[in-house]
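Novice: Would you mind keeping the following structure in view while I ask a few things?
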2 protein chains.
Amino acid sequence: MIIEAEATTPSAILDRASLLLDAFDGPGRLNLAQIVRRTGLPRSSAHRMLERLVQLRWLRREGRDYQLGIRLVELGSLAVHQDRLHRAAKPFLHELHRVTGLVVHLAVLDGPDVVFLDKIGGDLSTAIPSRVGGRRPAHCTAAGKAILASADPRRLDDIVTGPANAQTRYSITSRAQLNAQLEKVRTHGIAVEREESTPGVGCLAAPIGDLGEAAVAAVSVCGPVDRMQFDHRLAAPVRTTALNIWRQVDDGRVRVHPTLQHARPLGHGPATRPQPDSRTPRYAS
Amino acid sequence: MIIEAEATTPSAILDRASLLLDAFDGPGRLNLAQIVRRTGLPRSSAHRMLERLVQLRWLRREGRDYQLGIRLVELGSLAVHQDRLHRAAKPFLHELHRVTGLVVHLAVLDGPDVVFLDKIGGDLSTAIPSRVGGRRPAHCTAAGKAILASADPRRLDDIVTGPANAQTRYSITSRAQLNAQLEKVRTHGIAVEREESTPGVGCLAAPIGDLGEAAVAAVSVCGPVDRMQFDHRLAAPVRTTALNIWRQVDDGRVRVHPTLQHARPLGHGPATRPQPDSRTPRYAS
C-alpha cells in the first residue's frame, strides 16, 4: 500500500482545488490520469477531491471524464451580474451597439490581459471569437491599450510584447511600438486596433474612469476592419459611451473600485500569464 | 485565546469553500462579520480561507468587503463554452432570434430549476430579466415544462408547485395543473408559458433530445405576451431549431450526456432549491 502525503492546511487544499479546476482551462474533458499528469497531484488525493467537486457541482463527471460543472456557470454569471460597473454599463453598451451596428465589449485589465465582462453583438457577434470571461493579451487589443495608457507605469512591467505573445502578424511586438501607441491614446482619448488581435477584425476603444487617473475598464467596438471608420464618426459615440458609463457608476459615494479588475498589489514582481502548468506550484506525489 | 476547531479533511474544506462562495448568492458584497453570520463558520477560519480565495482570485476584496472574483467569471464562461450542446446550439439560437425577433434561451434542468446556458436577444433582451447562469423554477417556465414533459417521473418529485414557488399570479400552483400542461407538451411537442415567470412576458419552448427519451435541454423564445403568436407560426421555427440542434450534437458517436444538466442520481430523495442558509450543513464555531 502506498501512503500519500495529504495536504492538510485549508490554504493548501484550496490551492489544490484551484489547480484541479485550472487544469480544465484548455481541454474540456479530462480523465483522472490526465488530471494527475496536468496537476502533479497525488492520484488518490486528486480522485477524492474531484469526486467532492462533482458533489458540489463545480465539476460534472460522465463515465471516466470530468468537466467543469454548472455551479461555476452560476457563480461566474453572478460575479458579472453583481459587478457595479457592469450593471451601470449594460444599457449604454446596448445603445452603442444599436447606434454603430458593431460588436461592443466591456473589458477590464487582469495582469497582462484584458478579460471581457460583456459582449453585445447580434449577428456579427459570432464572427468575432471573443467571449464573456475570455482573455486576450492587453497590448494586442484596443480595450487593453485604452486601459494601459493611463495605468501606473509599473503595470506595464506585466506586459510582454515579444513575438511569442503576438496574436496576428499585425500585433505589437516591441515596447517602442507599444509606447508610441499608448502616447496616441493619451493624446486622442481613443485606442485603435487593426487586425492585431483577430485577422480581419478592427476595434476602437475608450478608457472608462477619471481623466488623469488610471482607467478601471474600457469600452470597445469591433467589426470587419474594411468596414470600420477609424475616425471621429466612430470615436465620438465610443468616447461618449465611456463617459456616460463613468458618470453612472461614479455617483459621488465613497469611492470603491467598481469592477472585477484584479487589484494585484503593485511591486510584488511581474505577473505572468496564467498557464495551467506554471501558475500554481506543483505537488509531488 | 480561543482555539477553534479546524476542518482538516479536504472534503470538509471544499465544503467550507463552497459555503463561503454560496454566501454571495444574493448580496454582492459581504464583510467578514456578515459572512460568518451567513455561513456559521468560525471567524478566524473563515478569514483565512477568504484571504486565500482572494489570492486565487475566486473572490476580490475592497477594504473590508468581499465580492465574487474574476477567476469565477473565467471558469464559468469556460464551462459554458466547453459544453458540447451549447457549442452545437449557438448558430441555431442566433438564427432563431433573427427569424423571430424574440429573445432566445437555451436551458437545462438542474434539480427543480432550469438554468440558462445562453440568452440571445438584441434590444428586447434587457426587458427580460433572465441571464446566462441564472435559475428559475422549472414549472414556471416554458423551457422547464418542455424538459419535464419527457423526464423520468421521479424527477417530478423535485418540483414543488405550491404558491410559495409561484413567480407571478399566473404561475402553476398545483400538481394537477402541472400534469395537465405536461400532457399538452407531450401531445404538441411544444410548451407554452403566459406570464407565469415574468409579468408581461410569454414564452414558447421545445425539448431537445431523442423522441421518446428524456430531453437534455430546451430552446425557448420569449417576448411581450401581447405580441406573441402562440400557434404554429412560432411553434414551427422553435421545434425546427430544437431538432437541428439535436441533429448537430447527436452525431452518432458513443452517446455521452452532452450538456451541463446536473445528472443527480435518482432515488436519493428530493432535491431542494439551493438556499444559502439550508443547502449545506452549518458549522458551529
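Novice: Pick from the stretch A:25-49 the residues that are under 21 Å from B:ASP83 (Cβ atoms), in a loop (DSSP other than H, G, I, E, B) and more than 7 Å from chain B (Cβ to nearest Cβ): which of them is modelled with the highest pLDDT?
Specialist: Residue satisfying both the conditions and the ranking: A:ARG29.
Novice: I would also like to ask the following. Determine if the stretch A:146-168 includes at least one residue that is on the phi < 0 side of the Ramachandran plot, among the small types (Gly, Ala, Ser) and touching a Lys or Arg at 6+ places or on another chain (Cβ under 7 Å).
Specialist: Within the stretch A:146-168, one or more residues are on the phi < 0 side of the Ramachandran plot, among the small types (Gly, Ala, Ser) and touching a Lys or Arg at 6+ places or on another chain (Cβ under 7 Å).
Novice: Which residues, counting only those in the stretch A:90-115, are under 18 Å from A:VAL225 (Cα atoms), surrounded by 24 or more Cβ atoms within 10 Å (Cβ to Cβ) and at the interface with chain B (Cβ under 10 Å from one of its Cβ atoms)?
Specialist: none
Novice: Within the bounds of the stretch A:52-60, is there any residue that is in contact with a strand residue (DSSP E or B) (Cβ under 7 Å, 6 or more places away or on another chain), touching a residue at least 24 places away in the same chain (Cβ under 8 Å) and within 10 Å of another protein chain (Cβ to nearest Cβ)?
Specialist: Yes, the conditions are met somewhere in the stretch A:52-60.
Novice: Could you tell me which numbered condition A:PHE92 fails, if it satisfies all but one of (1) in the same structural domain as A:GLY209 (by TED's automatic domain parsing); (2) within 26 Å of A:GLN167 (Cα to Cα)?
Specialist: All conditions are met except number (2).
Novice: Any chance the stretch A:117-128 includes a residue that's of a type in the set (Lys, Arg), under 14 Å from B:VAL73 (Cα atoms) and under 20 Å from the mean Cα position of the chain (by Cα)?
Specialist: Among the residues of the stretch A:117-128, at least one is of a type in the set (Lys, Arg), under 14 Å from B:VAL73 (Cα atoms) and under 20 Å from the mean Cα position of the chain (by Cα), which makes the answer yes.
Novice: Checking the conditions here, which among B:ARG87, B:ARG52 is in a helix (DSSP H, G or I), in the same structural domain as B:PHE116 (by TED's automatic domain parsing) and among the charged types (D, E, K, R)?
Specialist: B:ARG87
Novice: Here's another thing I want to ask about it. Right, A:SER171: more than 14 Å from chain B (Cβ to nearest Cβ), in a loop (DSSP other than H, G, I, E, B), buried (at least 17 other Cβ atoms within 10 Å of the Cβ) and in contact with a strand residue (DSSP E or B) (Cβ under 7 Å, 6 or more places away or on another chain) or not?
Specialist: In short, no.
So that you can scan it fast, the table gives a plain yes or no per residue for (1) among the charged types (D, E, K, R); (2) modelled with pLDDT of 95 or more:
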{"residue": "B:GLN55", "(1), (2)": "no, yes"}
{"residue": "B:GLU62", "(1), (2)": "yes, no"}
{"residue": "B:VAL80", "(1), (2)": "no, no"}
{"residue": "B:PRO91", "(1), (2)": "no, no"}
{"residue": "B:ALA107", "(1), (2)": "no, yes"}
{"residue": "B:GLY111", "(1), (2)": "no, no"}
{"residue": "B:GLY121", "(1), (2)": "no, no"}
{"residue": "B:PRO129", "(1), (2)": "no, no"}
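Novice: For a quick check of your reading of the model, give me the residue pairs whose first member lies in the stretch A:64-85 and is more than 7 Å from every other protein chain (Cβ to nearest Cβ) and buried (at least 24 other Cβ atoms within 10 Å of the Cβ), whose second is among the aromatic types (Phe, Trp, Tyr) and assigned to a loop (DSSP other than H, G, I, E, B), with beta-carbon atoms closer than 8 Å and at least 6 apart or on different chains.
Specialist: From the stretch A:64-85, the pairs are A:TYR66/A:PHE24; A:ARG71/A:TRP58.
Novice: Let me ask something else. Collect the residues in the stretch B:143-178 that are among the charged types (D, E, K, R) and closer than 19 Å to B:LEU109 by Cβ, keeping them in residue-number order.
Specialist: Listed by number, the residues that qualify are B:LYS145, B:ASP152, B:ARG154, B:ARG155, B:ASP157, B:ASP158, B:ARG175.
Novice: Next up: Among the residues of the stretch B:215-237, how many are over 18 Å from B:SER125 (Cβ atoms) and at pLDDT below 90?
Specialist: The number of residues fulfilling the criteria is 4.
Novice: Here's a follow-up. Scan the stretch A:40-98 residue by residue and report those that are under 19 Å from the mean Cα position of the chain (by Cα) and under 19 Å from A:ARG29 (Cα atoms).
Specialist: Across the stretch A:40-98, the qualifying residues are A:LEU68, A:LEU72, A:VAL73.
Novice: What are the residues in the stretch A:187-209 that are surrounded by fewer than 24 Cβ atoms within 10 Å (Cβ to Cβ), in contact with a strand residue (DSSP E or B) (Cβ under 9 Å, 6 or more places away or on another chain) and not β-branched (Val, Ile, Thr), if any?
Specialist: If the condition is that a residue be surrounded by fewer than 24 Cβ atoms within 10 Å (Cβ to Cβ), in contact with a strand residue (DSSP E or B) (Cβ under 9 Å, 6 or more places away or on another chain) and not β-branched (Val, Ile, Thr), then A:GLY189, A:ARG194, A:GLU195, A:GLY200, A:GLY209 are the ones that fit.
Novice: Ok, one more. With respect to B:ASP152, is the statement that it is closer than 26 Å to A:ARG57 by Cβ, crowded, with 20+ Cβ neighbours inside 10 Å and not β-branched (Val, Ile, Thr) true?
Specialist: Criteria not met by B:ASP152.
Novice: Give the number of residues within the stretch B:124-164 that are of a type in the set (Lys, Arg) and assigned to a loop (DSSP other than H, G, I, E, B).
Specialist: Number satisfying all stated conditions: 1.
The values are calculated or read from the model by the stated rules, or taken from the named source; none is laboratory data. These numbers come from a predicted model, not from an experiment. Note: ideal-geometry Cβ built from the backbone for every residue, glycine included; neighbour counts use all protein chains shown.
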